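The values are calculated or read from the model by the stated rules, or taken from the named source; none is laboratory data. These figures come from a predicted structure and were not determined experimentally. Because the Cβ atoms are built from the backbone with ideal geometry, glycine has one as well, and the counts that use them run over all protein chains shown. What goes into the accessible areas is simple: the full protein's heavy atoms, side chains included, and nothing from ligands, DNA or RNA. Shrake-Rupley method; radii C 1.70, N 1.55, O 1.52, S 1.80 Å.
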Amino acid sequence: MTITNQTSLRADKRRGLQARWRGLRLFAAAALVGAALAGCTGEQFQKGYILPPNALEQIPIGASQDQVLIVMGTPSTVATLDGEVFYYISQRSERMVAFMNQKVVDQRVIAVYFDKNRRVRRLANYGLQDGKIFDFVSRTTPTSGQELTYLTYVFKVFGGK
């Protein structure tokens, strides 16, 4: 073999190795980007009461309040306006990407109405279409009326009225 052929073979091997390294680096970069994006996939959140399977079928009309507590557990809230009512409230939301806002997908309010003898009078299962979306987390109650700012107080003090 001549020196020219040997130099040519070495150059070909070098180019082949460089091409392999380039391909390996490209694959590693793609795997790294894929792993980073996998961490940004959607999440689901469940807030409030989780309904046990077949729980509503275990509560017939006329069942006692104790039976409801055994099957369903402690209610989210109780109303005592016209007889007693147990409310079991839940909300399911999701977000498609980790840094985006949550979107409410499902909202349930299961209401168990009792008569004066503490027996089940009626069951109701309200969904997202039956009401408006409410925020479980904020723990604030919106009030009606005028919102006063700091400047309002300043004008009242210096305005004399």
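Assorted remarks:
- If the segment from Ala29 to Thr152 were pulled out straight at 0.36 nm per residue, it would be longer than the present Cα-Cα gap by 38.4 nm.
- Per-residue surface analysis assigns Thr152 an accessible area of about 40 Å², computed on protein heavy atoms at 1.4 Å probe radius.
- Residue separation of Glu57 and Gln129 scaled by 0.36 nm, minus their Cα-Cα distance, works out to 23.7 nm of gained length.
- Exposure check, 1.4 Å probe, all protein chains in place: Arg121 carries approximately 120 Å² of accessible surface.
- Counting charges near Gln44 (Lys, Arg +1; Asp, Glu -1) among other residues having Cβ under 12 Å from its Cβ returns a value of +1.
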